[in-house]
Amino acid sequence: MVGRAPKNTVQDWIEAAQRTLVDEGIAGLKIDRLANRLGVTRGGFYHNFKDRDDFFDQLIQHWEESCRFLPDAPPPARPADAIAWFDRVIRRLIDADGYDYHFDLAVREWARSDKRAEWAVERADRERLDTLQKFFEAIDYDSEHAAIRARVFYYHQIGYYAIGVQQSIPERRKNAQLYLDILCGEEAIAAARASARKARKPRAV
């Protein structure tokens with residue numbers, strides 16, 4: 001019987017740490033346990049990382065780069081384009097495309113007891129809220145209202161995951177528009193969609 005090939009790259013360690021953090025929390029991130037899971041010795045850890053601080057820093061960086069709540073591109077300024085951007089956001093969240101909410105929640109739990117994780121979560125939240133505020137400004141909310149709408153949408157979404165609501169993807173897709181109307185303002189969303197339809201309508205020659 002052929003034994004399992006050991007895994008000992010930085011990416012192997014980070015991926016193992018991600019799975020363990022999700023399953024067991026920060027208490028599970030012990031070097032010996034991860035080494036055993038990867039089929040390597042404790043020395044394999046120090047081949048890839050200077051120390052635990054370096055390891056945790058790289059795990060947080062991996063979370064920041066891979067667990068993207070929003071697309072990298074900012075929302076366009078025109079309502080018609082902004083609503084198309086937001087529709088992509090909703091599809092991304094429903095389909096878990098590029099956003100692993102289990103990992104996100106695990107890092108948030110870690111942040112309760114670790115300053116470096118806390119600062120990373122604060123940075124991510126500011127970035128996400130700033131981006132969402134730009135979307136709401138693009139569909140004609142003033143800056144104050146846009147900031148509040150951004151928080152309502154974002155806090156709802158994070159809370160949805162934290163509570164552990166059980167819904168199928170088809171069910172979430174079915175209810176998505178009603179959620180958007182309530183959370184984002186039915187009139188503003190309708191006006192933005194009307195603008196999008198008008199922009200797509202061919203001009204008379």
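Here, each number is a calculation from the coordinates, and none is a lab measurement. Just so it is clear, the structure is predicted and the values come from calculations on it, not from any experiment. Don't worry about glycine lacking a Cβ; one is built from the backbone with ideal geometry, like all the others, and counts go over all protein chains shown.
What the table below lists for this structure:
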item	result
Backbone N within the stretch 136-169 under 13 Å of label point (7 Å from TYR101 Cα along the Cβ vector)	154-169
4 °C / 1.567 mPa s Stokes-Einstein diffusion coefficient of the stretch 10-59, Kirkwood radius on C-alpha pairs, µm²/s	122
The stretch 73-137 and the stretch 163-198: distance between their alpha carbon centers, rounded to Å	17
Simple label model, 7 Å out from Cα along Cβ direction - ASP23 to ARG42, nm	2.2
Stretch gain in nm, segment LYS50-GLU64, where the contour uses 0.36 nm per residue and the Cα spacing is subtracted	3.0 nm
Hits among lysines - C-alpha to C-alpha of LYS115 under 29 Å, sequence gap 8 or more where chains match	LYS30, LYS50, LYS134
Identified option (computed semi-axes √(5λ) of the Cα gyration tensor in Å; candidates (1) 28, 22, 14; (2) 41, 18, 16; (3) 22, 22, 17)	(2)
